[in-house]
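First the structure, in the form of structure tokens, and then the observations on it.
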Amino acid sequence: MDQIMDLSPLLTQIASQYQLMPDGAHGLSHWGRVLENGLKLFKMEGGDKTVITLFSIFHDSCRHNQSLDPGHGNRGADLAESLLRGNPLITETQLDLLKTACRQHTDGKTEGDLTIRICWDSDRLDLARVGIHPRVRYLCTDSAKSKPIIDWANMRAKNNFTPDFVKFDWNRFF
């Protein structure tokens, strides 16, 4: 995988408020797969790599439980706002995209900005981890709808694949 931005300072702050077990269905392995899904789609479709990367760690960062948790996307967006407002890592436009992607990632939408659609696809492609196969009609980009991408993502999700950067870097914060 390509070099990813150093998320250490943000992961430290996210971990300080994170309420769930980091190895749960919405935890670090999921975040890592979402990041890899997003970066794969970014290479194929374009979009904003910074927003796609940050989405992976913020979209489920404020969940209160591992099942239905209305409002967790809004809480993740609010956390992103509080940690990133004025940060030179991200522009106001990028922050707005990130917050929209987080707030709406469970709404089933498929239309909108390319970067936001890639964020949603990167999360939806990991649904097999909870026994749900992604439905093409809920995927937003042509790349995510392709059988090879769906099969690749499903295999990783079903096997709870954990990327090396999660094992050797992200886990130390949680």
Q: Considering each residue of segment 130-157, count those that are closer than 21 Å to residue 105 by Cβ and either among the aromatic types (Phe, Trp, Tyr) or open to solvent by 90 Å² or more (accessible area, probe 1.4 Å) (or both), and give that number.
A: 6
Q: Would you check if there is a residue in segment 101-114 being open to solvent by 10 Å² or more (accessible area, probe 1.4 Å), closer than 18 Å to residue 150 by Cα and among the β-branched types (Val, Ile, Thr)?
A: yes
**Q.** Search result, residues across segment 1-32 that are closer than 28 Å to residue 151 by Cα, out of contact with any Ser or Thr (no Cβ under 8 Å at 6 or more places or on another chain) and surrounded by 12 or more Cβ atoms within 10 Å (Cβ to Cβ)
**A.** 21, 22, 24, 25, 26, 27, 30
Q: Kindly provide the set of residues from segment 52-78 that are surrounded by fewer than 17 Cβ atoms within 10 Å (Cβ to Cβ) and either at pLDDT below 95 or not charged (D, E, K, R) (or both), ordered by number.
A: 64, 65, 66, 67, 68, 69, 70, 71, 74
Q: Looking for whichever is over 22 Å from residue 128 (Cα atoms), open to solvent by 40 Å² or more (accessible area, probe 1.4 Å), charged (D, E, K, R) and within 13 Å of the chain's Cα centre (by Cα) here; the options are 40, 49. Which one fits?
A: 49
Q: Only one of these is touching a residue at least 12 places away in the same chain (Cβ under 8 Å), buried (at least 16 other Cβ atoms within 10 Å of the Cβ) and closer than 18 Å to residue 41 by Cβ: 169, 126. Name it.
A: 126
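The values are calculated or read from the model by the stated rules, or taken from the named source; none is laboratory data. Only a predicted model underlies this, so the values are computations on that prediction, with no experimental measurement involved. Using ideal geometry, Cβ is built from the backbone for each residue, glycine included, and neighbour counts are taken over all protein chains shown. Note: accessible area is taken over every heavy atom of the protein model, side chains too, but ligands, DNA and RNA are not part of it. Shrake-Rupley method; radii C 1.70, N 1.55, O 1.52, S 1.80 Å.
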